[in-house]
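Peer 1: I have a structure I would like to understand better, so I am pasting it below and will then ask my questions one at a time.
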Amino acid sequence: MITALVITALSGYGLYVVGSEAGVGGFAFVLTTTLVSFGGAFFVGDKLRQALPDSLFHVSDRMNRIVKALGVDHFNRFLHFIRWNRVALSLRPPLGTRRPPEELLASVRSNAVAHTWGAAVHLVASSIAALASLPAALWIFGLGLLLHVYPVLLQVRTHWRLQRLQELSRSR
C-alpha cells in the first residue's frame, strides 16, 4: 500500500511539474497524463488490490447487464482485432480448469484496480486542464475513457464470467 501511495504522489508531482513548465493546456500535459496513467497503474494495481476486501469485487448479474449494454463486448472485439488481447492474455495465469484459479481472479482484480487508478488520474488531469484549455481537457478525458474506463468495464465482465465458472464448479 505504501508503494501505491508513493507512486501516486510521484505521479501527481510529475504532472504538477509538466503542467507548471509546459502548461496544462498543451500537448505535453496530455501526453504526460497518458504516460503517467499507464506507467503508474502498472505498479499500483496489485498493491491497491491487496488492500481491498475481496467482497468489493463481486459483480452482480445486473452490473454485468449494464456493462454489456455500454458496449464492452464491442470494445473487446476491437482489442481482439488489433491483437491486444493476445498480449494481455499472455500476461495472465492460464485458466486450465473449469474452476478459475485464485491467481487468475487476482490478476483480473488487479487490472481493474490499476485501470481505475489510471482513470482517476485522467479525471483529475482533465479537470485541471479545463482551466486552461477545453480541447486539452477533452483529449485527456477521451483518452481516459478509451484507455482506462472501458478496460475497467471489460475486467468487470471478465470477473463476472469467472464468478459464473466458480458457481458452476461448486454446484457439481
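The values are calculated or read from the model by the stated rules, or taken from the named source; none is laboratory data. All figures in this text were calculated on a predicted structure; none of them were measured in a lab. In this analysis, Cβ positions are derived from the backbone assuming ideal geometry, glycine residues included, and neighbour counts consider all displayed protein chains. Side chains included, ligands, DNA and RNA excluded: accessible areas come from the protein's heavy atoms. Shrake-Rupley method; radii C 1.70, N 1.55, O 1.52, S 1.80 Å.
Peer 1: Give me the 1.4 Å probe accessible area per residue for the chain, excluding ligands and nucleic acids, in Å². Don't jump to the answer; show the numbers that get you there.
Peer 2: Values: 10490 Å² over 172 residues.
I get 61 Å² per residue for this part.
Peer 1: Taking springs between alpha-carbon atoms closer than 10 angstrom, which of V36, V124, V24 fluctuates most in the Gaussian network model of the chain?
Peer 2: V124
Peer 1: Hey, another quick one. I want to check the label-to-label distance for E103 and V6. Put each point 7 Å from Cα in the C-beta direction and report it in nm to one decimal.
Peer 2: For E103 paired with V6, the spin-label model returns 2.6 nm.
Peer 1: Keeping all protein chains in position, work out how much accessible area I82 exposes to a 1.4 Å probe, and write it in Å² to the nearest 10.
Peer 2: That residue has around 90 Å² of solvent-accessible surface.
Peer 1: Still on this structure, please answer the following. Taking all protein chains as present, what is the carbon and sulfur share of the accessible area of the chain, in % to the nearest whole number, probe 1.4 Å?
Peer 2: Details: 7110 of 10490 Å².
Roughly 68 percent, rounded to a whole number.
Peer 1: Something else: Using only the alpha-carbon atoms, how far is helix 27-51 inclined from the longest principal axis of the chain? Give it as 0 to 90 degrees, nearest 10.
Peer 2: It is inclined by approximately 40 degrees.
Peer 1: Now, a different point. When the chain is treated as a GNM, springs tying every alpha-carbon pair under 10 Å, which of A130, A114, A51 comes out with the largest mean-square fluctuation?
Peer 2: In this elastic network of the chain, the residue with the biggest mean-square fluctuation among A130, A114, A51 is A51.
Peer 1: Which label belongs to the value computed from this structure, given these candidates for Kirkwood radius over Cα pairs in Å: (i) 18.4; (ii) 20.1; (iii) 17.2?
Peer 2: (iii)
Peer 1: Mind checking the angle between helix 134-144 and the chain's longest principal axis? C-alpha axes, 0 to 90 degrees, to the nearest 10.
Peer 2: So the inclination is approximately 20 degrees.
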